[in-house]
Amino acid sequence: MSQVVTETMVRVENVHKSYGRGAAVVHALRGVSLEVPRGELVALKGRSGSGKTTLLNIVGGLDAPDQGRVEVGGRDLAGLDEDGLLALRRDHIGFVFQSFGLIPILTAAENVGVPMRLRRADARAREERVELLLSLVGLADHAGQRPTELSGGQQQRVAIARALANSPSLLVADEPTGQLDAETGHAVMELLRAVVRSENVTALVATHDATLLDLADRVLELSDGEIVEV
């Protein structure tokens with residue numbers, strides 16, 4: 001019988017990260033190691049200051065570790081220059097943040113299309129992708145509305161659609177339900193799980209909401225910069 005080989009999307013090996021110096025130094029990450037296969041939704045839990053955001057920023061190429069190795073899709077991030085990291089973030093990683101980060105003067109459809117404009121995607125292909133993504137997140141009827149005309153949950157759905165615009169292989173979500181009520185937050189987390197399945201992407205989601213953890217394929221807990229057993 002042939003053996004099924006699962007592709008590793010994220011590999012983190014013995015990553016350390018500190019901020020500050022001397023007595024004021026903060027050890028954000030202390031020898032963190034993990035592997036995430038393609039198509040898995042992993043939730044990172046831990047109290048504020050446990051290192052969740054630092055880990056996500058390092059995996060997403062927004063920050064660099066002091067020590068250790070990080071690979072995304074087989075690419076060693078330490079071997080990429082600024083242009084290489086920019087291309088990685090633009091073409092292979094989608095980011096979802098607690099604050100939504102939508103451009104106020106643009107419609108939902110225009111916000112979703114921004115990443116594709118940056119890649120100079122064909123206009124027709126861009127419009128078709130935007131329409132598909134807004135349908136995927138349940139907002140096909142809200143394409144022409146601006147962020148101020150949408151609820152918090154709807155804005156986060158637009159942000160998720162935008163994160164998927166360039167068909168990334170990895171989604172990085174930092175407290176994506178932090179500004180939402182419990183019911184809306186649960187719906188957004190369910191959407192993320194559905195997106196992982198339908199788009200065959202990998203997702204790393206930081207959350208402090210214990211009620212959302214059962215929607216993840218796997219839960220990792222960070223405490224004082226280290227991964228502990230859940």
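Computed from the coordinates by the stated procedures, all read-outs in this text should not be read as laboratory data. None of the values given here were measured: they were computed from a predicted structure. FYI the Cβ positions are ideal-geometry reconstructions off the backbone, even for glycines, and counts take in every protein chain you see.
With contacts taken as Cα pairs under 8 Å at a separation of at least 6 residues, the stretch 141-230 carries a relative contact order of 26 percent.
Evaluated at q = 0.13, 0.22 Å⁻¹, a Debye calculation over the C-alpha positions of the stretch 1-70 (equal weights, vacuum) places log10 I(q)/I(0) at -0.43, -1.00. As a length-normalised measure over Cα pairs under 8 Å and 6 or more apart, the relative contact order of the stretch 27-101 settles at 20 percent.
Once C-alpha pairs closer than 8 Å and six or more residues apart are averaged by separation and normalised to the residue number of the stretch 129-193, the relative contact order reads 34 percent. Positive contributions from Lys and Arg (+1) and negative ones from Asp and Glu (-1), summed over other residues with Cβ under 10 Å from the Cβ of Arg69, come out at -2.
Ranked by Cβ crowding within 10 angstrom, fewest neighbours first, how are Asp217, Asp141 ordered?
Arranged by neighbour count, lowest to highest, Asp217, Asp141 become Asp141, Asp217.
Summing +1 for each Lys or Arg and -1 for each Asp or Glu among the other residues whose beta-carbon sits under 15 angstrom from that of Val195 gives +2.
Loop sites by DSSP among the trypsin sites (Lys or Arg not before Pro) of the chain, restricted to those with at most 16 other Cβ atoms within 10 angstrom, leave 121-230 as the longest stretch without any of them. For the stretch 150-230, applying the loop criterion from DSSP together with a ceiling of 15 other beta carbons within 10 Å to the GluC sites (Glu not before Pro) yields Glu229. Taking a cut-off of 28 Å, what percent of all Cα-Cα pairs in the stretch 1-159 are separated by more than that? Within the stretch 1-159, distances greater than 28 Å cover 37 percent of Cα pairs.
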